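K.L.:
Mind looking over this structure? Questions follow.
The values are calculated or read from the model by the stated rules, or taken from the named source; none is laboratory data. Since the structure is predicted, the reported quantities are computational estimates derived from the model, not experimental observations. Don't worry about glycine lacking a Cβ; one is built from the backbone with ideal geometry, like all the others, and counts go over all protein chains shown.
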Amino acid sequence: MEIRDRYAPSPTGLQHIGGVRTALFNYLFARSRGGKFILRLEDTDRTRSDAAFVQNLYDTFAWLGIPWDEGPDVGGPYAPYVQSERCGLYQKYVQELVDAGEAYYCFCSPERLERIREEREAARSGETGYDRRCRNIPPEEGAERVGAGESHTIRLKIPLEGTARGGPQITRFRDQLLGDIEWKNEDINPDPVLLKSDGFPTYHLANVVDDHLMGISHVLRAQEWLPSTPLHVILYRSFGWSPPEFCHLPMVMGQDGKKLSKRHGATSVDEFRRQGYLPEALLNYVALLGCSYEEGKDLYTLGELAERFAPEKLNKAPAIFDYKKLEWYNGQYIRMKGDAELAELALPYATEAGLFGGKGKGPGPEERRVFIAAMPLIKERISFLHEIPEKLDYLFADPPVPAPEEFIPKKSDLSHTITLLRLGRELPGELALLDDEGAEALVKATAEREGVKLGDLLMPLRVAITGKRVSPPLFPSIRLLGAARCLARVDRALQGMGGV
Ligand code: GLU
């Protein structure tokens, strides 16, 4: 059997972690089995669907590097892949159901439906959904009223008649993760609408017709869709089609055990992207939400994930979204980048932060060279791209001179600090020409000769040159800045401390 699965988002919001996880698992499953991964836009909710969200979907998956084999933008044998362009098909198929007595015309007005809802609420009856009033209209009468132009919807006739043995009707199906599932038909949404009065299908109709017509063999989707599945199974049977395999993915929760939402932090991919997450980190982490691959291995490329993914490896328990863990992944992937690539990725953040002499101003050739050469200085110390400009600002502009007390090493005082900095002033000329090892040896020798602690010698020098007590490594910073700029900064600092 050819494996075909799909991601079928409704473009009614930004792409978020849950959607990406569904898409990724479908992608991995198709790849792991030599199948096809399809994108289908379920845009039948005309009031909530928006072209901007479609664009966001394309941008998100292009950034993540997840392609589909068939879809609205790349085409394929089952085009169109946009439901609003397939309305004629749904109308044709739903008519077959009406003709076969599996669905019926409903003439109840929205006002009537609202009234029964209110009455039930007032009576606290606990009943929900449609009261099936039109279910027993004789088909000829229904057809006549439709012919006369009466506004109507089409509803699915959920089978309710008792079984041969007198028990209630039950709908059963197998979920690849959750096992055998059964629902009493009387507990299923009572005769849901399939076709709306404006001729548009509901999610249930369009989803089932398309999965069937597009040859979808496996439906991997979020667990929140599980209550719709019995209804879909009935719909498949009403059409005389066999349903695909279902696999409902474990929920994604925040640390507090509640469904992941904005309250927990970023959820849209756009937000993660703005915050400086790398697509590799996000994908790697999302792939682990509810699936276990290999003991003791944390980092996976997309190819490695595709080799290992299998529905049997999914966990039934909800997945907990751990922002700290994601941050760890991001740091790992930042560390794996080459200097030029990392610099390229960080450049927009640096430009935006005004690192190169003004907000929005890009680097000149020399600044670009320094920026790339500075990547090894911060690579090990950051988790996010946006941390880079602030860490490296002293390489591109003279930092403000810190207050005198900022220069003072622990357990020291201002006058000794001035002495230390004067000593330190002798160093940059040579340090700028030495590698780290040579520089270390020189500073050590100087500290010993002068009878001062190594750390005490370096602290005021570091503050003078970088403007910070905690900075990226000093020796490569001195090499990047050059001796002259370093000396000028030391002199400014000495002046500020009254030491000149
Ligand atoms: N359009 C539905 C959604 O937005 C698709 C659910 C499904 O995969 O069947 O998630």
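K.L.:
Starting from the stretch 407-430, keep only residues that are over 22 Å from residue 488 (Cβ atoms), then list their pairs with residues that are modelled with pLDDT of 95 or more whose Cβ atoms are within a distance under 6 Å, requiring at least 6 positions of separation or different chains.
P.N.:
Partner pairs satisfying both residue conditions: 409/456; 409/459.
K.L.:
Of the numbered conditions (1) in contact with a strand residue (DSSP E or B) (Cβ under 6 Å, 6 or more places away or on another chain); (2) closer than 30 Å to residue 467 by Cα, residue 381 satisfies every one except a single condition; which is it?
P.N.:
Of (1) in contact with a strand residue (DSSP E or B) (Cβ under 6 Å, 6 or more places away or on another chain); (2) closer than 30 Å to residue 467 by Cα, only one is false for residue 381: (1).
K.L.:
Let me spell it out: the conditions are (1) without any contact (Cβ under 8 Å) to a residue 24 or more places away in the chain; (2) basic (Lys, Arg); (3) out of contact with any helix residue (DSSP H, G or I) (no Cβ under 7 Å at 6 or more places or on another chain), and residue 492 meets all of them except one. Which number is the exception?
P.N.:
For residue 492, the failing item is (1).
For every residue, the table says whether it meets (1) assigned to a helix (DSSP H, G or I); (2) touching a helix residue (DSSP H, G or I) at 6+ places or on another chain (Cβ under 6 Å).
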site: 48; (1), (2): no, no
site: 56; (1), (2): yes, no
site: 66; (1), (2): no, yes
site: 73; (1), (2): no, no
site: 92; (1), (2): yes, no
site: 97; (1), (2): yes, yes
site: 101; (1), (2): no, no
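K.L.:
Same structure again: If I ask for residues that are surrounded by 23 or more Cβ atoms within 10 Å (Cβ to Cβ), within 12 Å of the ligand (Cβ to nearest atom) and within 16 Å of residue 319 (Cβ to Cβ), which ones from the stretch 21-31 would you list?
P.N.:
Within the stretch 21-31, 21, 23, 25 qualify.
K.L.:
Shifting gears a bit: Any residue in the stretch 32-40 that is in a loop (DSSP other than H, G, I, E, B) and in contact with a Ser or Thr (Cβ under 7 Å, 6 or more places away or on another chain)?
P.N.:
no
K.L.:
From (1) in a helix (DSSP H, G or I); (2) free of Cβ contacts under 8 Å to residues at least 24 places away in the same chain; (3) within 21 Å of residue 373 (Cα to Cα), pick out the condition that doesn't hold for residue 465.
P.N.:
Of (1) in a helix (DSSP H, G or I); (2) free of Cβ contacts under 8 Å to residues at least 24 places away in the same chain; (3) within 21 Å of residue 373 (Cα to Cα), only one is false for residue 465: (2).
K.L.:
For residue 232, which of the numbered conditions (1) within 16 Å of the ligand (Cβ to nearest atom); (2) closer than 24 Å to residue 317 by Cβ fails to hold?
P.N.:
(2)
K.L.:
Quick one: count up the residues across the stretch 407-455 that are crowded, with 18+ Cβ neighbours inside 10 Å, within 47 Å of the chain's Cα centre (by Cα) and not aromatic (Phe, Trp, Tyr).
P.N.:
The qualifying residues number 6.
K.L.:
For the subset of the stretch 246-274 comprising residues that are over 22 Å from residue 302 (Cα atoms) and polar (S, T, N, Q), which member is surrounded by the fewest Cβ atoms within 10 Å (Cβ to Cβ)?
P.N.:
261
K.L.:
Only one residue in 12, 44 is in contact with a Lys or Arg (Cβ under 6 Å, 6 or more places away or on another chain), within 11 Å of the ligand (Cβ to nearest atom) and part of a loop (DSSP other than H, G, I, E, B). Which one?
P.N.:
Sole residue among the options that is in contact with a Lys or Arg (Cβ under 6 Å, 6 or more places away or on another chain), within 11 Å of the ligand (Cβ to nearest atom) and part of a loop (DSSP other than H, G, I, E, B): 12.
K.L.:
In addition: May I ask you to list the residues in the stretch 209-228 that are in contact with a strand residue (DSSP E or B) (Cβ under 9 Å, 6 or more places away or on another chain), more than 9 Å from the ligand (Cβ to nearest atom), in a helix (DSSP H, G or I) and not acidic (Asp, Glu)?
P.N.:
209, 223, 226, 227
K.L.:
Follow-up. Are there any pairs with C-beta distances below 7 angstrom linking a residue in the stretch 190-205 that is free of Cβ contacts under 8 Å to residues at least 60 places away in the same chain to a residue that is part of a loop (DSSP other than H, G, I, E, B) and surrounded by fewer than 18 Cβ atoms within 10 Å (Cβ to Cβ), with the two at least 6 apart or on different chains, and if so which?
P.N.:
Listed by first residue and then by second, the contacts come to 197/151.
K.L.:
For the stretch 299-312, enumerate the residues that are surrounded by 13 or more Cβ atoms within 10 Å (Cβ to Cβ) and free of Cβ contacts under 8 Å to residues at least 60 places away in the same chain.
P.N.:
The answer is 300, 304.
K.L.:
Over 16 Å from the mean Cα position of the chain (by Cα), more than 14 Å from the ligand (Cβ to nearest atom) and among the aliphatic types (A, V, I, L, M), is that true of residue 51? Talk me through it step by step, then tell me what you get.
P.N.:
On the way: over 16 Å from the mean Cα position of the chain (by Cα): yes; more than 14 Å from the ligand (Cβ to nearest atom): yes; among the aliphatic types (A, V, I, L, M): yes.
In short, yes.
K.L.:
In the stretch 253-289, what residues are more than 13 Å from the chain's Cα centre (by Cα), in a loop (DSSP other than H, G, I, E, B) and more than 16 Å from residue 19 (Cα to Cα)? Reasoning before the result, please.
P.N.:
First, pick out the residues of the stretch 253-289 that are more than 13 Å from the chain's Cα centre (by Cα): 253-259, 263-264.
Now restrict to residues that are in a loop (DSSP other than H, G, I, E, B): 254-258.
Scanning the stretch 253-289 gives 255, 256, 257, 258.
K.L.:
What are the pairs, 6+ residues apart or on separate chains, where a residue within the stretch 122-150 that is part of a loop (DSSP other than H, G, I, E, B) has its Cβ under 9 Å from a residue that is polar (S, T, N, Q) and surrounded by 14 or more Cβ atoms within 10 Å (Cβ to Cβ)?
P.N.:
128/189; 129/189; 130/189
K.L.:
Do the conditions hold for residue 317, that is, is it farther than 25 Å from residue 474 by Cβ, in contact (Cβ under 8 Å) with a residue 40 or more places away in the chain and assigned to a loop (DSSP other than H, G, I, E, B)?
P.N.:
Taking the combined requirement at face value, the residue satisfies it.
K.L.:
Please verify whether the stretch 334-343 includes one or more residues that are in contact with a Gly (Cβ under 6 Å, 6 or more places away or on another chain), touching a residue at least 12 places away in the same chain (Cβ under 8 Å), part of a loop (DSSP other than H, G, I, E, B) and surrounded by fewer than 19 Cβ atoms within 10 Å (Cβ to Cβ).
P.N.:
No, the stretch 334-343 has no match at all.
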